[in-house]
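Novice: My questions all concern the structure below.
Just so you know, all these numbers are worked out from the coordinates, no wet-lab data involved. Every value quoted in this text rests on a predicted model; they were computed, and no experiment measured them. Ideal geometry is used to build each Cβ from the backbone, glycine not excepted, and the neighbour counts take in all protein chains shown.
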Amino acid sequence: MPLRRAGLTHADADALAAMLARVAMPVAIGVELAVLVAFAPDTLRRGWTGPIGDFANLYAPARDLELVGMYNPVLAPLLYPLNWLGELNAYRLLFALNVSAVLAIACMAQRHVEGAEARIAVALAVVSLPQLHWALRLGHLTPLTALVALVGLITLERRPRTAAVVLSLLSLKPQYAVAPFVWLLRLWRLDLAALMFGSAALMAVAGFAAIGPGAVREYLSLYFDWGSDTSDNLLPVQQAWMYSWHGVQISAGLEPHPIVTFDLMLLSLGIVALAWARTDARRATCVTAFALLLFTPYAQFYDGCLVLVGMALLFRCGLPAPATAAIFGGLYVAAVVTQANTVYPTPDVLGAARTNGFFWLTPALLVAIGALAIAGKRDEAAPEEAPRW
């Protein structure tokens, strides 16, 4: 309804929005503090005393210079020096590096926000995200991966060649390099795409050289054996920990099917492509960040913290503050609810796949991309300002 018919002037609407923001901001901060208090104590305790969780799956292959699953082969020699510290101290070092990455993301996210309360709310959303805490506890590389993606996508604007090299580091976990690589192809920056691909390939060659040439055949066999249903690689209960479209089907009470998973990935690609076509560079970069989790059949729950990349870039998009708040807050709530619906840890690792409810995060990412597509290009004549709350 037009403002005149509603009896509101633009000034009245702005005043109403400001009043709602003053009410909503303390509520948001309170919710984020409650989530942080629920997760942080156990996260910090585990960061010092252990158990080291999945870090053993990184540490042991690095110690023996073997392939680390389907990670980039260079990961084993990169992590090899950690053996000099011993397993627990190596875990502590990775924990410290991950925490530093989280703090850097929080700092970068609130940089384009005005108002002390708003900055606190944004920073708290980053450090309290439940999936992030599980990534820290389990000793995964995802927080560092998120920082790499954020730095690379921001740098792409002014130093594209440097950004392509930085983004190639995402190939340490190759499925998360897909969205940025496709985005470079969509821009027809074939030189940057080639640089990104070449840098990733060079890292892989260095890894194979360190591990031994026999690892090439083993690595390729892992990929040829990989299916979009992941049934050959994960137990049913582990499949229910995935936030990719495969896990979304399980959370909806359906039997996941590889064709449905593939179709949903294609649908995601179509919506992302439409958003890329309709948005300017900064909004398209944000779309790319939101797409990190959408183009893969394999995305475990702790990898859900990659949503922070798009959430941090959202404040550079020039959207109206209410729209930015709605997308940012909606994704945060979706992440918290999705983690609550994730049955982890599970009392029966050999049991059937099950969840406590629907996994909202992945569909919410697609909705956020759709919202950016609808918003279209920003007004280039308008000066760039931080969202005012």
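Novice: Could you tally the net charge around P81, taking each other residue with its Cβ under 15 Å from the Cβ of P81, Lys/Arg +1 and Asp/Glu -1?
Specialist: Here the charged neighbours net out to 0.
Novice: Which value at 222 nm does the chain reach when only helices count, each DSSP H run of 4 or more adding -39,500 (n - 2.57), with the total divided by all residues and rounded to the nearest 500 deg cm²/dmol?
Specialist: -20500 deg cm²/dmol
Novice: Among V216, V309, V248, whose mean-square fluctuation peaks in a Gaussian network model of the chain (Cα, cutoff 10 Å)?
Specialist: Maximum among the listed residues: V216.
Novice: For a quick size check, give me the Cα extents of the chain along its three principal axes, largest first, whole Å.
Specialist: Sorted largest first, the three principal extents are 73, 47, 42 Å.
Novice: Compute a Gaussian network model of the chain, connecting alpha carbons closer than 10 Å, and tell me which residue from L190, L138, L36 fluctuates the most.
Specialist: The residue with the greatest mean-square fluctuation here is L190.
Novice: Place a +1 charge on the Cβ of each Lys and Arg in the range 232-307 and a -1 charge on the Cβ of each Asp and Glu, then give the dipole magnitude about the Cα centre in debye, rounded to the nearest 20.
Specialist: 360 debye
Novice: Continuing with the same structure: Of the chain, which part is the longest with no trypsin sites (Lys or Arg not before Pro) in a loop (DSSP not H, G, I, E, B) and with at most 15 other C-beta atoms within 10 angstrom?
Specialist: Excluding the exposed sites themselves, the longest stretch runs over 159-353.
Novice: Hey, got the dipole for the chain? About the Cα centre, +1 on K and R Cβ, -1 on D and E Cβ, debye to the nearest 20?
Specialist: The dipole of the chain has a size of about 840 debye.
Novice: What angle, in degrees between 0 and 90 and rounded to the nearest 10, separates the Cα long axis of helix 281-290 from the longest principal axis of the Cα atoms of the chain?
Specialist: Tilt of helix 281-290: around 50 degrees.
Novice: Still on this structure: Can you grab the distance from the C-alpha centre of the range 277-292 to the C-alpha centre of the range 234-255, Å, no decimals?
Specialist: So the two Cα centres are separated by 27 Å.
Novice: Using Cα atoms only, what is the angle between the long axis of helix 87-109 and the major principal axis of the chain, expressed in degrees (0 to 90) to the nearest 10?
Specialist: 20 degrees
Novice: Only Cα pairs within less than 10 Å get springs; with that Gaussian network setup on the chain, which residue of V68, V27, V333 has the largest fluctuation?
Specialist: So, out of V68, V27, V333, the one fluctuating most is V27.
Novice: Ignoring the sites themselves, what is the longest stretch of the chain with no GluC sites (Glu not before Pro) in a DSSP loop and at most 11 other beta-carbon atoms within 10 Å?
Specialist: My reading of the result: 1-379 is the longest stretch.
Novice: Dipole of the range 101-172 (Lys/Arg Cβ +1, Asp/Glu Cβ -1, origin at the Cα centre): which of S128, L167, A118 lies farthest to the positive side?
Specialist: The Cα lying farthest towards the positive end belongs to L167.
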